[in-house]
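Participant: First the structure, then my questions, so here it is.
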Amino acid sequence: MKRVLLTLTVLLAVTLMEAQVTPIVLGDSHAMLKMMQGKKFVLLPVQEAEDIASIAVLDNSNNMVQRLNVKLAIDRVDYYVPYELKGAALLDIEFHGDRRQKGAVGEFVCWKEIEFSDTFDTTNRERFRPVYHHTPLYGWMNDPNGMFFKDGTWHLYYQWNPYGSQWENMHWGHSTSRDLIHWETHPIALEPDWLGSIFSGSCVTNGDEVVAFYTSAGMHQTQSMAVSKDGGRTFEKYSGNPVLTTSDVPDFRDPRPFWNEDIKAWNLILAAGQEMRIYSSKDLKEWKYESSFGKGYGNHSGVWECPDLFKINNKWVLICNINPGGPFGGSATQYFVGQFDGHKFTCESMPKVTKWMDYGKDHYATVSFYNAPENRRVVMAWMSNWQYANHVPTKQYRSGNSIPRDLGLFTCGEETYVSVVPSKEMLTLRGAKVKKPTEACEIIIDTKSMTEIVLSNSKGEQVTMVYDAQKQTFSMDRTKSGKLSFSEAFPCVTTAPTYGTIKQLRLFIDRCSIEAFDAEGKMSMTNLVFPSEPYTNIKIKGGKATIYEIKY
């Protein structure tokens with residue numbers, strides 16, 4: 001018995017020694033950590049309230065192979081993030097912030113909690129994670145990038161931080177879908193290099209190749225290119241990068257190339273401060289500046305970002321995402337309608353006219369899929385707002401995408417507007433009719449001249465929506481919707497013009513979001529909500545509701 005107890009004691013001691021790594025402390029803010037060989041991942045403990053630790057990853061020859069910024073835990077662990085070792089031998093770590101308040105580096109809790117493992121558990125731990133919206137398995141996500149359709153598959157890349165659930169370390173994450181609803185996660189598509197982090201951009205299909213254009217965000221922002229020969233799964237960066245540079249504006253980013261059949265050449269549009277610049281090319285490598293658009297047009301309260309330019313019927317639509325400057329604060333998507341001859345975009349509206357694609361608080365970085373089938377123009381947006389995106393009440397991941405939407409055009413008075421309807425693939429999710437709302441459902445509202453809809457739960461939390469035919473407005477009030485304290489900018493009432501009457505509304509509810517659409521496409525509104533329990537009650541004045549469960 002004594003021998004057995006002694007053996008167990010020794011095993012326990014060895015286990016504890018393996019569980020707690022020993023740093024090499026070199027100063028008040030500097031430490032190194034040797035990597036355990038034979039394991040796939042080092043699991044880094046994160047504490048979001050702390051300052052960033054800058055980590056240089058060195059190989060066995062002391063060559064630096066990567067830099068990353070991680071909020072390593074000082075006195076508690078919020079969650080873990082994995083770093084795939086792939087030959088990494090040493091982490092050279094510099095802590096930032098006031099060490100007099102944080103204590104001695106050697107006493108930080110991260111050393112006790114760092115783990116080495118062959119696996120990383122991505123099982124969902126978040127009750128607010130959507131049921132049928134795209135989200136990353138873990139980490140931070142913002143702008144959708146590089147979306148295209150090829151060989152029956154929809155490809156969605158996205159701004160991703162694999163090393164924390166707040167903005168940092170920008171990579172391109174990658175997901176694919178056969179139906180725009182169910183998404184499969186793939187390995188990282190593009191990693192930062194010595195030109196900088198990988199900011200937003202787009203993909204085009206060129207024969208058998210997929211060509212990605214993205215912003216290299218280093219000391220300055222430049223445009224780079226990468227080519228995939230396996231359908232967009234892996235990319236090789238172009239040896240001639242960067243392919244586009246400038247010296248006159250610091251914000252020079254988000255390239256969007258496309259084949260223009262009208263001129264039998266490639267065009268590219270990108271954001272430069274508070275204007276969009278347009279280029280042309282015969283080979284995707286050499287680009288000629290053609291013109292700029294934006295001075296005096298639309299909203300200029302913030303930086304212009306994430307452009308798109310495409311034809312619908314006989315008119316062209318220029319999408320311009322802006323932050324800040326949205327109709328209810330923070331980030332939002334504006335657009336312009338006009339003509340484009342391959343060289344210059346001409347807006348058909350007066351300069352002072354501003355048109356918003358969505359009148360909620362949580363619809364940004366809207367861009368379309370390249371080469372969508374049936375000549376469709378399918379878009380997705382980042383479903384959050386820069387005012388509070390880093391602080392919404394989730395930890396394992398932050399942010400999802402909107403449901404896919406199809407764009408068209410309609411007229412009201414003398415103006416042409418973009419119509420927005422849920423993509424037809426959303427109909428495949430409709431299940432049986434139910435009597436009460438659930439955490440994931442679609443609600444059809446047949447409206448009258450004045451319709452009020454109240455979604456609520458047993459905690460007294462509620463969202464109130466009002467359609468007023470006389471005023472031609474639709475509003476959504478989330479000031480009592482649930483968790484609000486994470487940001488003063490979150491409680492709000494958003495109001496949209498309806499450009500005529502609404503006969504039917506479609507509401508998509510999914511745990512932490514409500515997306516409202518005029519069934520004819522003349523109005524859309526996207527807002528996040530964080531109720532302590534699902535809204536299972538609905539009251540309607542002046543209308544009739546039909547509720548469908550979601551089959552996912």
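Participant: Which fully enclosed strands (runs of 3 or more DSSP E) of segment 63-116 have 2 or more residues being within 19 Å of Tyr138 (Cα to Cα) and outside the structural domain of Asp28 (by TED's automatic domain parsing)?
Facilitator: Passing ranges: none, list empty.
Participant: Further, regarding this structure: Among the listed residues Asn371, Asn390, identify the single one that is surrounded by fewer than 22 Cβ atoms within 10 Å (Cβ to Cβ), more than 26 Å from Ser513 (Cβ to Cβ), under 22 Å from the mean Cα position of the chain (by Cα) and of a type outside the set (A, V, I, L, M).
Facilitator: Asn371
Participant: What are the pairs, 6+ residues apart or on separate chains, where a residue within segment 341-367 that is touching a residue at least 24 places away in the same chain (Cβ under 8 Å) and of a type outside the set (Asp, Glu) has its Cβ under 8 Å from a residue that is assigned to a loop (DSSP other than H, G, I, E, B) and surrounded by fewer than 13 Cβ atoms within 10 Å (Cβ to Cβ)?
Facilitator: What qualifies is Gly342/Asp262; Pro351/Gly296.
Participant: So, one more: Among the candidates Gly146, Gly164, Gly173, which residue alone is in a loop (DSSP other than H, G, I, E, B), within 30 Å of Phe369 (Cα to Cα), modelled with pLDDT of 95 or more and within 20 Å of the chain's Cα centre (by Cα)?
Facilitator: Going through Gly146, Gly164, Gly173 in turn, just one is in a loop (DSSP other than H, G, I, E, B), within 30 Å of Phe369 (Cα to Cα), modelled with pLDDT of 95 or more and within 20 Å of the chain's Cα centre (by Cα): Gly164.
Participant: Could you look through segment 149-159, keep only residues that are more than 8 Å from the chain's Cα centre (by Cα) and assigned to a strand (DSSP E or B), and pick out the one that is nearest to Ala226 (Cα to Cα)?
Facilitator: Restricting to residues being more than 8 Å from the chain's Cα centre (by Cα) and assigned to a strand (DSSP E or B), the top hit is Tyr157.
Participant: If you go through segment 453-462 one residue at a time, do you hit one that is farther than 25 Å from Val392 by Cβ, free of Cβ contacts under 8 Å to residues at least 60 places away in the same chain and out of contact with any Asp or Glu (no Cβ under 8 Å at 6 or more places or on another chain)?
Facilitator: No, every residue in segment 453-462 fails to be farther than 25 Å from Val392 by Cβ, free of Cβ contacts under 8 Å to residues at least 60 places away in the same chain and out of contact with any Asp or Glu (no Cβ under 8 Å at 6 or more places or on another chain).
Participant: Right, another one. Suppose the filter is surrounded by fewer than 17 Cβ atoms within 10 Å (Cβ to Cβ) and either at negative phi or in the same structural domain as Cys412 (by TED's automatic domain parsing) (or both); does His343 pass it?
Facilitator: yes
Participant: Please go through segment 512-530 and give me each residue that is part of a loop (DSSP other than H, G, I, E, B) and closer than 17 Å to Lys361 by Cα, ordered by number.
Facilitator: Cys512, Met523, Val529, Phe530, listed by residue number.
Participant: Scan the strands (runs of 3 or more DSSP E) fully inside segment 283-349 and keep the ones with 1 or more residues being among the basic types (Lys, Arg).
Facilitator: It comes to 288-293, 303-312, 315-323.
Participant: While we're here: Report whether or not Glu113 is touching a Pro at 6+ places or on another chain (Cβ under 7 Å) and among the acidic types (Asp, Glu).
Facilitator: yes
Participant: Still on this model: What residue, of Thr215, Thr246, is over 15 Å from Ser200 (Cα atoms), assigned by TED's automatic domain parsing to the domain that holds Glu275 and polar (S, T, N, Q)?
Facilitator: Selected residue: Thr246, the only one of Thr215, Thr246 that is over 15 Å from Ser200 (Cα atoms), assigned by TED's automatic domain parsing to the domain that holds Glu275 and polar (S, T, N, Q).
Participant: Hey, among the residues in segment 510-525 that are in contact with a Phe, Trp or Tyr (Cβ under 7 Å, 6 or more places away or on another chain) and among the charged types (D, E, K, R), which one's farthest from Ala440 (Cα to Cα)?
Facilitator: Among those that are in contact with a Phe, Trp or Tyr (Cβ under 7 Å, 6 or more places away or on another chain) and among the charged types (D, E, K, R), it is Lys522.
Participant: Ok, one more. Just checking, how many residues over segment 484-524 are touching a strand residue (DSSP E or B) at 6+ places or on another chain (Cβ under 6 Å), among the hydrophobic types (A, V, I, L, M, F, W, C) and more than 23 Å from Lys436 (Cα to Cα)?
Facilitator: 4
Participant: Can you find a residue that is charged (D, E, K, R), part of a strand (DSSP E or B), modelled with pLDDT of 95 or more and more than 23 Å from Glu414 (Cα to Cα) anywhere in segment 485-494?
Facilitator: no
The values are calculated or read from the model by the stated rules, or taken from the named source; none is laboratory data. The structure displayed is predicted, hence computed values, not measured ones. Using ideal geometry, Cβ is built from the backbone for each residue, glycine included, and neighbour counts are taken over all protein chains shown.
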